[in-house]
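Report on one structure; see the data block that follows.
The values are calculated or read from the model by the stated rules, or taken from the named source; none is laboratory data. This is a predicted model, so every value here is computed, not measured. Cβ atoms come from the backbone with ideal geometry, glycine included; neighbour counts cover every protein chain shown.
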Number of protein chains: 2
Amino acid sequence: MKVLWVLAHPEPRSLNGALKDAGVAALERAGHEVVVSDLHAMAWNPVVTAADYGHDPDERFRVGPVSAQARAAGTLSADVRAEQDKVAAADTLVVQFPLWWYGMPAILKGWFDRVFLKGFAYGVVDPDHPGRTLRYGEGPLAGKRALVLTTVGGRGPDLGPRGVHGHLEELLFPLQHGTLFYVGYEVLPPVVVTGANRVSDDEFATAARELRERVLAVPHTTPLPFRRQNGGDYDDDLVLRDHLAPGRAGLGIHRRDRPTETER
Amino acid sequence: MKVLWVLAHPEPRSLNGALKDAGVAALERAGHEVVVSDLHAMAWNPVVTAADYGHDPDERFRVGPVSAQARAAGTLSADVRAEQDKVAAADTLVVQFPLWWYGMPAILKGWFDRVFLKGFAYGVVDPDHPGRTLRYGEGPLAGKRALVLTTVGGRGPDLGPRGVHGHLEELLFPLQHGTLFYVGYEVLPPVVVTGANRVSDDEFATAARELRERVLAVPHTTPLPFRRQNGGDYDDDLVLRDHLAPGRAGLGIHRRDRPTETER
């Protein structure tokens with residue numbers, strides 16, 4: 001594998017830092033290539049501004065078109081181009097972060113905001129079907145695999161299917177489905193480390209072992225079975241057809257294997 | 001009302017800029033006080049670093065405890081304190097942003113990451129029940145109301161209950177439930193402007209009118225009926241009790257009014 005490992009944690013001497021070291025070491029020992037984007041260490045700028053695109057400040061800044069134009073013209077800022085090159089060169093993306101306010105830390109959200117630009121990660125039209133945008137299972141980054149690794153303070157049940165915080169797999173839907181699957185990645189089940197504020201040595205050893213197994217197993221792990229946009233499951237308004245998960249709603253219906261959990 | 005209006009858009013000459021102007025003007029005409037935090041105009045830093053807390057770089061940086069300690073000691077960075085003061089002084093919070101990758105732009109996520117700190121927005125223990133943390137309906141900011149205003153590129157059905165992107169109300173769950181309701185806000189139904197990439201003058205007039213009505217109606221709008229953590233609906237593991245929404249899962253079960261949508 002050629003792995004891009006994106007880490008968002010401000011402290012290398014943290015659980016997240018130690019997990020990253022364990023995962024990267026396991027991959028490298030097995031002969032895989034790993035490039036790490038340690039966003040805090042890089043002092044990554046997560047804020048989208050017109051300056052990213054060499055945009056004339058007298059003109060109104062329309063983020064989508066302006067960024068696509070800058071990409072085509074080669075005037076993207078160098079830090080964004082460098083990350084796009086890493087994404088393009090890797091067949092596997094690992095996205096690692098502590099769950100803050102039930103989502104990614106800002107520095108990581110802004111990595112997607114600035115790097116996953118129109119023309120690179122989305123907004124590409126199917127050459128065989130003009131008018132049909134390639135996304136959700138067939139975006140520009142199709143053929144690559146992604147794995148989310150997150151640490152959470154909760155003990156587990158509170159992030160389970162009926163836990164007070166909401167089911168973690170649904171909290172991760174904007175990232176795993178709306179971002180990674182959208183642009184083409186096959187998204188693997190996430191690695192979740194619970195009780196992250198108070199991990200004992202034994203618990204760390206267990207978590208590191210699971211992580212090593214999971215990263216080495218990336219090529220032969222079954223991805224999350226999200227429905228493809230253009231696979232026939234959605235109608236022309238992009239609404240799930242009536243005969244699929246009939247009468248039901250909720251994020252779970254966008255998985256092909258989850259008819260029962262939301263149905264009764 | 002005393003309103004804090006937090007805006008995250010890089011371009012004042014945008015749909016978002018115009019909507020903010022319309023909403024603020026309506027509030028001020030009606031005699032309400034409005035403070036605007038225009039995050040791009042303020043060059044807001046969204047990245048959590050040890051420097052926010054005057055932390056000794058030789059010591060391991062544990063985000064939660066270190067930030068709580070800095071708050072207690074009065075050593076928080078001045079920009080964070082200024083935003084906390086605005087939050088504390090307002091009875092109403094408006095959170096406005098374009099939906100990017102099905103969530104907040106990084107600059108706004110980092111406003112919550114840096115401002116909603118332990119001791120200020122969470123981590124306060126119930127004085128009457130030591131060991132019980134006040135959150136989800138009774139956090140430190142209880143008594144205030146919050147309204148989310150977001151603009152989306154989709155036409156509407158694609159973000160509806162069975163739309164391909166996932167139901168917008170569930171995509172907003174980490175913000176509306178996991179953040180705003182968590183810290184104590186009563187969260188009102190969001191204002192959503194669809195087709196935001198191509199709004200006609202008529203469509204803008206309609207959106208601005210709806211926004212004016214919604215912001216003026218904040219004091220007497222029925223909040224989203226999220227379940228309170230300590231209201232008896234959750235067991236000691238913080239899992240929804242079996243007799244509520246029995247046999248069901250999904251984010252919808254954490255609303256008291258949504259037994260049917262996920263049930264059949």
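Below is a table of values for the structure above.
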| read-out | value |
| --- | --- |
| Any chance residue B:227 is buried (at least 20 other Cβ atoms within 10 Å of the Cβ), within 16 Å of residue A:165 (Cβ to Cβ) and over 14 Å from the mean Cα position of the chain (by Cα) | yes |
| Check on residue A:48, in a loop (DSSP other than H, G, I, E, B), more than 18 Å from residue B:49 (Cβ to Cβ) and touching a Gly at 6+ places or on another chain (Cβ under 9 Å) | yes |
| Qualifying residue in the range A:227-249 (condition: of a type in the set (Ser, Thr, Tyr) and within 24 Å of residue A:92 (Cα to Cα)) | no |
| Complete set of residues in the range B:48-68 that are more than 10 Å from chain A (Cβ to nearest Cβ) and touching a strand residue (DSSP E or B) at 6+ places or on another chain (Cβ under 9 Å) | B:67, B:68 |
| Pairs, first within 9 Å of chain A (Cβ to nearest Cβ) in the range B:148-167, second charged (D, E, K, R), C-beta under 7 Å, six or more apart | B:157/A:237; B:158/A:237; B:161/B:261; B:164/B:158; B:165/B:158 |
| Residues satisfying the stated conditions in the range B:42-82, i.e. surrounded by fewer than 21 Cβ atoms within 10 Å (Cβ to Cβ) and among the acidic types (Asp, Glu) | B:56, B:58, B:59, B:79 |
| Criterion violated by residue A:118 - all others in (1) of a type in the set (D, E, K, R); (2) in contact (Cβ under 8 Å) with a residue 60 or more places away in the chain; (3) over 26 Å from residue A:204 (Cα atoms); (4) within 14 Å of chain B (Cβ to nearest Cβ) satisfied | (2) |
| Helices (runs of 4 or more DSSP H) completely within the range A:52-135 that count 3 or more residues being in the same structural domain as residue A:148 (by TED's automatic domain parsing) and at pLDDT below 95 | A:63-73 |
| Unique match (being on the phi > 0 side of the Ramachandran plot and crowded, with 22+ Cβ neighbours inside 10 Å) among B:136, B:102 | B:136 |
| Residue in the range B:203-214 that is surrounded by the fewest Cβ atoms within 10 Å (Cβ to Cβ), counting only those that are touching a residue at least 60 places away in the same chain (Cβ under 8 Å) and in contact with a strand residue (DSSP E or B) (Cβ under 7 Å, 6 or more places away or on another chain) | B:214 |
| Pairs, first over 27 Å from residue B:151 (Cα atoms) in the range A:60-88, second in a helix (DSSP H, G or I), C-beta under 6 Å, six or more apart | A:83/A:115 |
| Test: residue A:31 is at pLDDT 95 or above, over 21 Å from residue B:107 (Cβ atoms) and part of a loop (DSSP other than H, G, I, E, B) | yes |
